[in-house]
1. Using the alpha-carbon atoms, what tilt in degrees (0 to 90, nearest 10) does helix 76-92 show relative to the longest principal axis of the chain?
2. Based on the mean of other Cβ atoms within 10 Å per residue, sort peptides 211-222, 191-202 so the most packed one is first.
3. In whole percent, what relative contact order does the range 52-336 give with Cα contacts below 8 Å and a gap of six or more residues?
4. How much mean residue ellipticity at 222 nm does the chain get from its helices, if each DSSP H run of length 4 or more adds -39500 (n - 2.57) and you divide by all residues, to the nearest 500 deg cm²/dmol?
5. So how do 297-308, 107-118 stack up, highest first, on mean other-Cβ count within 10 Å?
6. Taking H placed 1.01 Å from N in the peptide plane, check which residues at least 5 places from Thr300 or on another chain put their amide H under 5 Å from its amide H.
7. Taking the highest mean first, how do the peptides 47-53, 119-125 order by number of other beta carbon atoms within 10 angstrom per residue?
8. Taking the Cα centre of each part, how many Å lie between the range 152-222 and the range 298-329?
Amino acid sequence: MKYHIKANKLWDGISDTYSTNPEVFVEDSKLVEKTQPDEVIELDGLTLMPGLINSHIHLCLHADLDVVAVLNADSEAITVIKAVENARKTIMSGVTTVRDLGSHFTIAADVKAMVDSKVIAGPRIIHSGFPICMTGGHGWFFGREADGVDDCRKAAREQLKLGAGWIKMMATGGILTPGVSPECYQLNEDEMRVCCEEAHKAEKRVSTHAQGASGVKNALRAGVDTVEHGFYIDDEAIELFLENDAWLVPTLNAPTQTVQGDVPDYVMKKAQAVLDTFYERLEKAIKAGVKIGAGSDSGTPLNMHDEFYKEIVLLSKTSLGNLKALKCATSINAELLGMENQIGRIADGYCADLIAVKGDPIKDPSVLKDVAWVMKDGLIYKD
Ligand SMILES: [Zn+2]
């Protein structure tokens, strides 16, 4: 289909202001300079902007209070059904691209295949297959446990074979896994280094879950591209981020939502401890110039797949401010994914991933709570 789209104003994902009375043209799946349209779409009173990119989600987690217990109790079929529903909710909320950083079985890969062939509705999915963790390490209940350099190398190769666009590793303990501490390091530096080597030689990138400073630093020295959470980063870690030009995805909404609910005691204690110091540490990283991505870790307790706007609002309240927070969720996240020439912007030749909202997202990012209209790859999902 060819569309001619008119709106009240437009933010292109990269500029510092809006343009007014914009006209955007879509031909098949791409934005083009001009075309003879089959249909004119009038988005009266709405602001047009690029589809949102959430760089950290888990399709197979369903935001339950006790995520681990539910995942263990559900059959594989039930987990799949929930993942399909989570994919639908994600696209309907205006998120047109996600990076799934850890899935039970091959669910992320399979949901991606069904979205790509248009059997079900969902965002563009880049996934990391199974997260690679040490035996008994964070996320072992849905991860690929690997020990030693050779086994880690094999684990990374298995994910690439599955079609993973990223490799995800677990460098420290985490909040949701019983019996592990977020501050203790887990996979060793040499184990992570071979995972990075395998990913990079296949021209893929590597993400690591890392909360304690020792694990963050091990992962950065091993060559990771993005660090998820980074809750206990210190000055030395910030230096390593800058030296390696690595990204931090602070996933602020994960601990923020977790402490709102009746989660298991061990989860509550770890999440509260994180919130005690993280904002201060994050500010240091932002001010030092560490590159920040927007990822909500949706699927963790009360962290809903259709509420990515909450992560954007939390980021906007740091010294990043509103505009930079919006860029993190669009053009900057596109760069994190290595897709800066395809998504995250409204420009000729880019994917036709567009959303429209009422109001002024630069002045108030919380208007993204109610996305009125959604297009991905030139197909309308919500109007
Ligand atoms: Zn996660």
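Bear in mind that the values in this text are calculations on the coordinates, not laboratory data. These figures come from a predicted structure and were not determined experimentally. Cβ coordinates were reconstructed from backbone atoms using ideal geometry, including for glycine residues, and neighbour counts include every protein chain displayed.
1. 40
2. The packing order, highest mean first, is 211-222, 191-202.
3. 20
4. It lands at -10000 deg cm²/dmol.
5. For the peptides 297-308, 107-118, the packing ranking is 297-308, 107-118.
6. So Thr300 has HN proximity to Ala63.
7. 47-53, 119-125
8. The range 152-222 and the range 298-329 have Cα centres spaced 24 Å from each other.
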